[in-house]
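A.B. asks: Quick one: the structure is below, and I'll ask about it shortly.
The values are calculated or read from the model by the stated rules, or taken from the named source; none is laboratory data. This is a predicted model, so every value here is computed, not measured. Reconstructed Cβ throughout: ideal geometry from the backbone, glycine too, with neighbour counts over all protein chains shown. Ligands, DNA and RNA are excluded from the accessible area calculation, which covers all protein heavy atoms including side chains. Shrake-Rupley method; radii C 1.70, N 1.55, O 1.52, S 1.80 Å.
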Amino acid sequence: MTADDSRFFQPVSGFDLPRYAGVPTFMRLPHVTLEDPRLAQVQVGLIGAPWDGGTTNRPGPRHGPRQLRDASTMMRAQNGLTGVRPFERVRCADLGDVAPNPADLMDSMARMQAFYGRVRAVGIVPLTAGGDHLCSLPILRALAQDHPLGMIHFDSHTDLFHSYFGGTLYTHGTPFRRAVEEGLLDPQRVCMIGIRGTTYDGEDRDFARAVGIRVIPIEEFHARGVEDVMAEARAIAGTGDTYVSYDIDFVDPAFAPGTGTPEVGGPNSWQALQAAQGLRGVKIVGADLVEVSPPFDPSGGTAFLGASILFEMLCAIAETLSPDVKDA
């Protein structure tokens with residue numbers, strides 16, 4: 001890689017162009033399409049998945065990636081807590097959006113799987129801004145072609161239900177049930193954190209127990225604290241390839257109201273960031289931040305928290321891909 005290429009993959013500094021100016025990309029990174037010859041140099045690709053075809057009540061996450069892009073222009077070069085400078089460790093780019101078919105759920109999932117298959121084929125780790133939680137299923141289909149993955153999942157819901165409305169198998173409440181059934185996830189290496197709220201029944205928890213998924217409900221999360229819970233999550237994921245899925249409704253709606261299925265009693269914004277920081281050392285092969293729904297928070301506060309969580313996940317990925325780089 002030439003010096004010019006190295007400069008190309010650096011985000012635009014707020015000292016060079018005000019953050020309210022220019023075309024917004026994720027974290028002010030260069031936009032690289034799948035047809036761009038520079039694609040082969042990208043190590044981490046930030047991708048928008050503007051699709052909420054799996055939403056069963058309050059739609060809106062299809063607009064999440066655009067708001068998250070705008071909010072992410074506030075991210076700077078260095079992690080204030082850890083000192084990690086992710087854009088100096090790894091080459092990052094905004095790979096644009098997956099183009100869904102808003103009139104066809106199955107076609108949208110096929111399009112997403114094909115897009116992420118191309119990303120995987122050139123060795124890029126995808127970091128996705130959703131979209132509703134069904135987006136995770138086609139991503140996993142693309143990433144877990146050779147072997148099942150572990151998963152660390154932050155959410156107020158397990159998304160392990162069998163079906164909705166008498167047999168509909170694909171909603172934002174079913175992606176991880178399908179992923180286990182399809183052999184995309186190793187349930188013994190899956191940890192779900194923050195589960196809470198009223199329920200229809202206990203079917204999802206029963207399935208988790210039956211296949212060996214570790215569910216950490218919110219009362220245990222609060223009683224034990226973030227560091228202890230994340231130590232267990234890392235142990236469950238182990239040293240193998242792991243996917244991270246972060247639903248913004250993991251966070252209490254007092255801090256993140258812009259989501260379609262909020263549940264009270266969750267972590268505050270600082271704990272939400274701590275949880276993402278606890279991913280350091282996990283072999284992350286892909287990650288997503290989903291269910292940001294701008295219509296329910298026009299102020300953009302939820303999206304700004306989401307962008308901050310994406311940055312923390314990016315830092316964890318960068319440390320794993322380039323462990324020997326010295327930061328500030």
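A.B. asks: Looking at the chain, what % of its DSSP beta bridges pair antiparallel, to the nearest 5?
C.D. replies: Details: 1 of 35 bridges.
Restricted to the chain, the bridges split so that about 5 percent are antiparallel.
A.B. asks: Now for a different question. Using only the Cα atoms of the range 209-249, build the gyration tensor, take square roots of its eigenvalues as a ≥ b ≥ c, and label the shape rounded, prolate or oblate: rounded if a/c is under 1.5, else prolate if a/b is larger than b/c, else oblate. Don't jump to the answer; show the numbers that get you there.
C.D. replies: Details: a/c = 1.40, a/b = 1.33, b/c = 1.05.
Rounded, since a/c falls under 1.5.
A.B. asks: Could you compute the net charge surrounding residue 303? Neighbours are other residues with a C-beta less than 12 Å from the C-beta of residue 303; K and R count +1, D and E count -1. Write out the running numbers ahead of the final one.
C.D. replies: Numbers: positive: 66, 69; negative: 70, 291, 297.
In short, -1.
A.B. asks: Normalised by the number of residues in the chain, what is the relative contact order in percent for Cα pairs under 8 Å and 6+ residues apart? Let's see the in-between values first.
C.D. replies: Working: 701 pairs, mean separation 67.1, N = 328.
For the chain, the relative contact order is 20 percent.
A.B. asks: Now for a different question. Can you tell me the accessible area per residue over the range 169-328, all protein chains present, probe 1.4 angstrom, in square angstrom?
C.D. replies: On a per-residue basis, the range 169-328 sits at 37 Å².
A.B. asks: If you average the sequence gap of Cα pairs under 8 Å that are 6 or more apart and divide by the length of the range 1-111, what percent do you get for the contact order? Write down the numbers at each step before the final one.
C.D. replies: Values: 147 pairs, mean separation 40.0, N = 111.
Once normalised by length, the contact order is 36 percent.
A.B. asks: From the backbone phi of the range 206-214, what are the Karplus-calculated ³J(HN,Hα) couplings (6.51 cos²θ - 1.76 cosθ + 1.60, θ = phi - 60°) in whole Hz, Gly and Pro given as x?
C.D. replies: Per residue, the Karplus-derived 3J(HN,Hα) values read 4, 5, 4, 5, 5, 9, x, 6, 8 Hz.
A.B. asks: Same structure, new question: For the range 189-276, rounded, prolate or oblate, judged on the Cα gyration tensor with a ≥ b ≥ c (square roots of eigenvalues), a/c < 1.5 rounded, else prolate if a/b > b/c? Before the final figure, lay out each step's value.
C.D. replies: Numbers: a/c = 1.73, a/b = 1.17, b/c = 1.48.
The shape class here is oblate.
A.B. asks: Follow-up question, since we're still on this one. Quick check on the chain: take the gyration tensor over C-alpha atoms, sort the square-rooted eigenvalues as a ≥ b ≥ c, and tell me if it's rounded (a/c under 1.5), prolate or oblate.
C.D. replies: Numbers: a/c = 1.42, a/b = 1.36, b/c = 1.05.
Here the chain falls in the rounded category.
A.B. asks: With runs of 4+ DSSP H residues as the only contributors, calculate the mean residue ellipticity of the chain at 222 nm using -39,500 (n - 2.57) per run, divided by the residue total and rounded to the nearest 500. Mind dumping the intermediate values first?
C.D. replies: On the way: 11 runs with 109 residues, N = 328.
The per-residue figure over the chain is -9500 deg cm²/dmol.
A.B. asks: While we're on this one: With the full set of protein chains in place, find how many percent of the accessible area of the range 171-313 is carbon and sulfur; take the probe as 1.4 Å.
C.D. replies: Details: 2730 of 5030 Å².
Heavy-atom surface of the range 171-313 belonging to carbon and sulfur, 1.4 Å probe: 54 percent.
A.B. asks: Give me the accessible area per residue for the range 36-110, probe 1.4 Å, as a whole number in Å². Walk me through the numbers before you get to the answer.
C.D. replies: Numbers: 3130 Å² over 75 residues.
Using a 1.4 Å probe on heavy atoms only, each residue of the range 36-110 averages 42 Å².
A.B. asks: Scan the chain and hand back the longest stretch that contains none of the chymotrypsin sites (Phe, Trp or Tyr not before Pro) lying in DSSP loops with at most 16 other Cβ atoms within 10 Å. Before the final figure, lay out each step's value.
C.D. replies: Numbers: sites that count: 15, 20, 165, 200.
Counting only loop sites that pass the neighbour cut-off, the longest clear stretch is 21-164.
A.B. asks: Moving on to the next point. In whole percent, what relative contact order does the range 78-190 give with Cα contacts below 8 Å and a gap of six or more residues?
C.D. replies: On the way: 115 pairs, mean separation 24.1, N = 113.
Rounded, it is 21 percent for the range 78-190.
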